[in-house]
Each structure stands twice: as C-alpha cells, then as structure tokens.
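Undergrad: Take a look at the following structure, please.
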Amino acid sequence: MKFDGIHHVTCITADAPRNLDFYTRVLGLRLVKKTVNQDDPTVYHLFYADEEGNAGSDITFFEYPNARLGQAGDGMVHTVVWRVGSADALEFWAERLSAEGHEVEADGESLRFENPEGLAHELVVVQVPDEPLVAHHPEIPREVALQGFEGVRAYGRPVDEFLTKLGFEQEEDGRWETRAETRGGWIEYAEAPYVAGVGGAGTVHHVAWASTMEDHQAWHDLVQEAGGNPTQIIDRFWFRSIYFREPAGVLFEIATLGPGFAADEDPAHLGEKLILPPAFEHLRDRVEPVLTPLPDPRADWAAR
C-alpha cells in the first residue's frame with residue numbers, strides 16, 4: 001500500500017479573522033468548511049482548499065483566541081510546501097505577497113514566506129502527473145494559482161525502518177516520498193534548531209496522509225505491526241482518521257479520501273455557514289455564541 005500523498009495539514013491560529021483573510025483573499029484558497037474542533041468543540045476548525053475541497057489541497061486551522069505564538073522544534077513540521085506551475089507563478093506570488101507586506105525569499109524555483117503568525121510556507125515549481133488542485137479567485141489567474149501540496153518539512157531524526165514499512169521511499173537530503181494512484185507527496189527531515197519546540201499560533205499540529213476507504217483498516221493494522229501506537233479509527237464525518245506519532249515525534253494522521261465536504265453542503269456554497277457534524281448538532285446553541293464571528297469571504301464577489 002501507498003499513501004495518496006498528503007491529505008491535509010492542520011495548524012493553529014490565534015486570530016481566525018486574520019487567518020481567513022490571508023488564506024482566502026491573499027493566497028486565493030476557498031473556505032470549504034467552517035466547523036469546530038471535534039476534540040474541543042468550543043473552538044473553530046477552518047478548512048481551506050481548492051474549489052471542490054479535495055484532499056491534497058486542504059490546509060486547516062484550529063483557532064485558540066489569544067494563544068501565544070509557537071515555535072517549531074524537534075518532532076514538528078515547520079514548513080508547508082505548495083506546488084505552482086511555472087516561474088511566472090513564482091514572480092506573481094513574489095509581487096502579490098510583497099504588496100501585502102510579507103517578506104519573500106526567492107531561491108531558484110522556489111519562494112519562501114510566512115503567514116501572519118510566522119508559519120513558514122514555500123512555493124515550488126513542479127512537473128508532476130497529478131491533477132492541479134486550484135481554487136477560483138477574481139484576482140488570481142488559474143495558471144499561477146496554488147495547485148495543492150507538494151510536501152512538508154520537519155525537524156527530527158526519522159527511523160528508516162518505520163517509514164519504509166509505511167510505504168515511504170527514501171530520496172536525497174532526508175526526504176521520504178509516497179505516491180499512489182491519484183497523488184504523491186513527501187516529508188523531509190532535518191536536524192532541529194537548538195531551541196525547544198513550543199506548540200502555539202503559527203505552528204503545525206499534524207500532517208495527514210491520504211488513504212482509500214478500503215485500505216484504512218489495513219493501514220491501522222500496519223502502523224501497529226510497525227511498532228506505532230495508532231488510535232482506533234475515528235469517524236470525523238467528512239473523512240475517517242487514525243492518529244499516531246512516528247518515531248521522530250511528528251504527529252501523523254491517516255485520513256480517508258471521502259466522504260468529502262459536499263456530504264452535507266451544496267458544493268456551490270461550501271464554507272458559507274457554520275456546519276456541525278450530526279453528532280455535534282445538539283451543541284450548536286452552546287458553541288455558536290463563543291466562536292469568533294467570521295464573514296463569508298466570497299460574499300462581495302458579485303460586486304467585483
């Protein structure tokens with residue numbers, strides 16, 4: 001078995017309105033689900049992705065209002081790497097991000113920058129057979145838009161045997177790649193800085209790898225056989241999840257390719273209102289008043 005690349009990357013923010021503005025207006029992603037953290041339903045879980053909400057393009061955030069800024073350290077993902085299609089796209093993003101007040105660092109066929117809370121992102125030009133996962137945006141032409149995840153960079157010393165048992169193949173410079181039927185992706189490890197990692201705003205909580213529904217139980221069993229300590233399969237309604245820490249300390253999830261975000265919303269109106277999974281709907285009167293008010297980021301598109 002092989003993972004179909006990265007399913008999603010989940011991060012932490014202290015400021016949902018600013019986070020929403022950056023990922024939808026500046027980066028041009030679509031808010032495809034506005035819901036709550038199912039392990040702590042008093043806080044948001046926001047999902048940004050391509051136009052259809054496909055796995056492989058989905059960066060998500062828990063909002064903990066007023067949380068302190070975190071710092072990536074040993075056993076943590078520190079950079080999210082996105083695909084773009086050309087050098088022209090890198091130039092577009094360098095100009096757009098700079099105009100928004102973000103520092104950018106160009107390096108050959110890559111461009112590095114940070115979100116408003118210091119979470120590192122990198123855009124890379126790639127030529128792969130995978131379908132580009134693109135969101136619509138009135139200011140961002142499709143040919144230069146983000147095309148989904150390429151990989152993630154993490155701090156830590158991986159255990160080769162464990163990753164090999166999970167179907168990853170070792171490449172150069174500490175990179176481990178996985179590719180299945182629909183997509184591929186990678187995680188690249190490097191030595192941690194001489195500072196302690198601290199979870200908080202601007203840090204990655206976990207990276208999720210994509211599995212078919214049919215293989216999900218087999219993945220659970222394989223992780224256990226490899227010496228991991230996986231949770232049981234958890235039904236998140238829009239997908240099913242297994243969590244475990246790989247030996248370097250990075251929190252992995254294995255998430256299914258489906259049922260998907262259109263299971264309970266019209267695809268044309270994803271992300272426009274607070275959606276709770278059926279098991280959490282009885283909490284709406286308690287959680288909705290404590291969540292930070294957020295606008296519909298596409299509400300004014302007709303006027304543009």
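Undergrad: Name the single residue that is nearest to the chain's Cα centre (by Cα) among those in region 142-151 being touching a residue at least 40 places away in the same chain (Cβ under 8 Å) and surrounded by fewer than 21 Cβ atoms within 10 Å (Cβ to Cβ).
TA: Across region 142-151, the extreme among qualifying residues is Val144.
Undergrad: Out of the residues in region 181-239 meeting the condition of being touching a residue at least 60 places away in the same chain (Cβ under 8 Å) and hydroxyl-bearing (Ser, Thr, Tyr), tell me which one is surrounded by the most Cβ atoms within 10 Å (Cβ to Cβ).
TA: Once the filter is applied, the top-ranked residue is Ser211.
Undergrad: Here is a further query. Any idea which residue in region 180-200 is farthest from Gln147 (Cα to Cα), counting only those that are in a strand (DSSP E or B) and of a type in the set (Gly, Ala, Ser)?
TA: Of everything passing the filter in region 180-200, Ala190 is farthest from Gln147 (Cα to Cα).
Undergrad: Shifting gears a bit: Counting only residues that are part of a helix (DSSP H, G or I) and either surrounded by fewer than 18 Cβ atoms within 10 Å (Cβ to Cβ) or over 23 Å from the mean Cα position of the chain (by Cα) (or both), how many does region 155-179 have?
TA: Residues flagged as part of a helix (DSSP H, G or I) and either surrounded by fewer than 18 Cβ atoms within 10 Å (Cβ to Cβ) or over 23 Å from the mean Cα position of the chain (by Cα) (or both) within region 155-179 amount to 5.
Undergrad: Then there's this: Right, Thr212: within 20 Å of the chain's Cα centre (by Cα), farther than 30 Å from Arg25 by Cβ and not basic (Lys, Arg) or not?
TA: Details: within 20 Å of the chain's Cα centre (by Cα): yes; farther than 30 Å from Arg25 by Cβ: yes; not basic (Lys, Arg): yes.
Considered against the rule, which asks whether it is within 20 Å of the chain's Cα centre (by Cα), farther than 30 Å from Arg25 by Cβ and not basic (Lys, Arg), Thr212 comes out as yes.
Undergrad: Considering only residues that are out of contact with any strand residue (DSSP E or B) (no Cβ under 6 Å at 6 or more places or on another chain) and not in a helix (DSSP H, G or I), look in region 1-28 and name the one that is surrounded by the fewest Cβ atoms within 10 Å (Cβ to Cβ).
TA: Selected residue: Met1.
Undergrad: Still on this structure, I have one more. For residues that are part of a loop (DSSP other than H, G, I, E, B) and of a type outside the set (Gly, Ala, Ser), scanning just region 87-116, find the one that is surrounded by the most Cβ atoms within 10 Å (Cβ to Cβ).
TA: Applying the filter and picking the extreme gives Asn115.
Yes or no, residue by residue, for (1) crowded, with 20+ Cβ neighbours inside 10 Å; (2) touching a Leu at 6+ places or on another chain (Cβ under 9 Å); (3) outside any strand (DSSP E or B):
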position	(1), (2), (3)
Thr60	yes, yes, no
Ala67	no, no, yes
Thr79	no, yes, no
Arg83	yes, yes, no
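Only the coordinates and a few stated rules stand behind these numbers; no lab work does. Keep in mind that this is a model prediction, so the values were computed, not measured. Note: ideal-geometry Cβ built from the backbone for every residue, glycine included; neighbour counts use all protein chains shown.
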